[in-house]
Amino acid sequence: MAYRLEAVYCDGWDAGVINPVTPAAARARDTAGNPYTVVLLLDGLLHAVLDLSWSDAYCLIARFDADDRQLSRHLLRGTGEGDLFLREVRTWDGPPGVGKYEFPHVAARTKTTYGVAGPRIDIVEPRGDLGTRQEATSAQLPPRLPLPAFGRWERLLALAGDPSVEIVDAERHRLPVRSQSRPPWRPPRPLRPQSIEQLFVAGTIVEVHGRQIRLSVHNAGALRVSSGRVIAADPSSLDYDAEPFTVTVPPGSYPVSISLATFTDDPGHSRVCAVRLDVGDQPPVRWELALREGQSTIDLGYGEFLGFGVDAGMACFVDAEVSDRLKDRWRTFDGLVEPRYLTVEAGAMVAWSSGWGDGSYPIWIGYEAGGAVSCFIADMLLFAADDED
């Protein structure tokens, strides 16, 4: 026999309904693919929360017990083929009488993770933080579901452990309601390049913290890519962090451009803003994050990226075939304070100072309309956003 769940719509749940919206407004968001949250009540009490954002192929289902303790979380992501697959399941099963804040630490925990084509990885912690951890891997494929129509979340809930439900809009409820300027959750939209080609327009003026910076573009010569496998790394870490990107290019020599940012009120103060390795003859029409073997963007959160790490204030492009031979050349660079960039051994490596200093930096691959690689751009995040908006 089906039991009835009542739906309340909002921006999110955080021990209360955050920024409630009408059913019509929630439906409009659903149609547009924009994020919203459904709070489901059973007999007036919190039962489950669905965070949905179809433009991001994202669905998170959290289920609660009568004491508001979270019992499970089911994360579904897009397969790339128009449907959803079960990416991750977490469950908690703890003793009665334990408060909701202590509960996830002492409860028996499980975590199951699926790749879209397998494998399945199971982790079991029978005593939570206090006990052992068991892990197993199998070749099992994940459950897959079509994107549901608005209000038709029965199959999602069945996957999460509610096999027989009826969903109706709540006419009224007694949940706490709050307004706040930012929603309590954001869909997992990884970092995207923002006007990255503009960084290579000489004379562009950018304002940073009330100061003006002028961009200039400099030719750093050509990089010899003899193997077709490009590495971006801190030149001081080539002996342990020199994995090439999975996207390869035809062997050859390719021009490198340096975007240098100079403070207009302090012409002696300049920073490397971005570096471009031009491969193709046509301009890029789309951008993708450069990845190394085994990396995937599927678990990146809002504004996150996979990049290369810098610990010595320097970065470089180098071909995989010569990286080991050049692993100690950084010792002669003097930190690349002046000049800010240099070409090593007639194009075996191009090195530069890394933006504001140490950190992690993304490499964007630009693709031509026909699908060929147009360029690689190292974004040194000189003008990264200060907030999450």
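Observations on the model:
- Residues that are assigned to a loop (DSSP other than H, G, I, E, B) and at pLDDT below 95, drawn from segment 211-233: none
- Residue in segment 80-95 that is modelled with the highest pLDDT, counting only those that are surrounded by fewer than 16 Cβ atoms within 10 Å (Cβ to Cβ) and farther than 21 Å from Ala57 by Cβ: Asp93
- Pairing residues of segment 159-170 that are under 25 Å from Thr22 (Cα atoms) and part of a loop (DSSP other than H, G, I, E, B) with residues that are modelled with pLDDT of 95 or more and of a type outside the set (A, V, I, L, M, F, W, C), at Cβ distances under 7 Å and at least 6 apart in sequence or on separate chains, gives Ala170/Glu6.
- Hey, Val201 out of contact with any His (no Cβ under 7 Å at 6 or more places or on another chain) and assigned by TED's automatic domain parsing to the domain that holds Leu291 or not: yes
Matching residues to (1) touching a helix residue (DSSP H, G or I) at 6+ places or on another chain (Cβ under 6 Å); (2) in the same structural domain as Leu84 (by TED's automatic domain parsing); (3) crowded, with 18+ Cβ neighbours inside 10 Å; (4) under 16 Å from Glu154 (Cα atoms):
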position: Cys10; (1), (2), (3), (4): no, yes, yes, no
position: Ile18; (1), (2), (3), (4): no, yes, yes, no
position: Thr22; (1), (2), (3), (4): no, yes, no, no
position: Arg27; (1), (2), (3), (4): no, yes, no, no
position: Pro35; (1), (2), (3), (4): no, yes, yes, no
position: Leu40; (1), (2), (3), (4): no, yes, yes, yes
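Yes or no, residue by residue, for (1) surrounded by fewer than 19 Cβ atoms within 10 Å (Cβ to Cβ); (2) out of contact with any Pro (no Cβ under 8 Å at 6 or more places or on another chain):
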site: Leu5; (1), (2): no, yes
site: Asp43; (1), (2): yes, yes
site: Leu52; (1), (2): no, no
site: Gly97; (1), (2): yes, yes
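- Residues satisfying the stated conditions in segment 205-223, i.e. crowded, with 20+ Cβ neighbours inside 10 Å and more than 29 Å from the chain's Cα centre (by Cα): Ala220, Leu223
- If you check Val225, Val201 for being in contact (Cβ under 8 Å) with a residue 24 or more places away in the chain and aliphatic (A, V, I, L, M), only one passes: Val225.
- Residues that are under 21 Å from Tyr367 (Cβ atoms) and at pLDDT below 95, drawn from segment 294-325: Gln295, Ser296, Thr297, Ile298, Leu300
- Yes/no for Ser253 being assigned to a strand (DSSP E or B) and of a type in the set (S, T, N, Q): yes
- If you go through segment 326-347 and keep only what is more than 28 Å from Leu191 (Cβ to Cβ) and either touching a Gly at 6+ places or on another chain (Cβ under 7 Å) or at pLDDT 95 or above (or both), you end up with Thr343, Gly347.
- Annotation: Asp241 fulfils all but one of (1) of a type in the set (Asp, Glu); (2) over 18 Å from Tyr361 (Cα atoms); (3) in contact with a Gly (Cβ under 8 Å, 6 or more places away or on another chain); the unmet one is (2).
- Residues within segment 330-384 that are among the acidic types (Asp, Glu), out of contact with any helix residue (DSSP H, G or I) (no Cβ under 9 Å at 6 or more places or on another chain), part of a loop (DSSP other than H, G, I, E, B) and surrounded by fewer than 16 Cβ atoms within 10 Å (Cβ to Cβ), tallied: 2
- Near pairs, Cβ below 7 angstrom, 6+ apart or cross-chain, from segment 128-141 (within 19 Å of Phe103 (Cβ to Cβ)) to any residue that is of a type in the set (Lys, Arg): Gly128/Arg109
- Restricting Val318, Val322 to those that are among the hydrophobic types (A, V, I, L, M, F, W, C), in a loop (DSSP other than H, G, I, E, B), buried (at least 16 other Cβ atoms within 10 Å of the Cβ) and over 16 Å from the mean Cα position of the chain (by Cα) reduces the list to Val322.
- For the residues Pro250, Pro244, the requirement of being modelled with pLDDT of 95 or more and either polar (S, T, N, Q) or surrounded by fewer than 18 Cβ atoms within 10 Å (Cβ to Cβ) (or both) singles out Pro250.
The values are calculated or read from the model by the stated rules, or taken from the named source; none is laboratory data. Source: prediction; values computed, not measured. Glycine also receives a Cβ, built like all others from the backbone with ideal geometry; neighbour counts cover every protein chain displayed.
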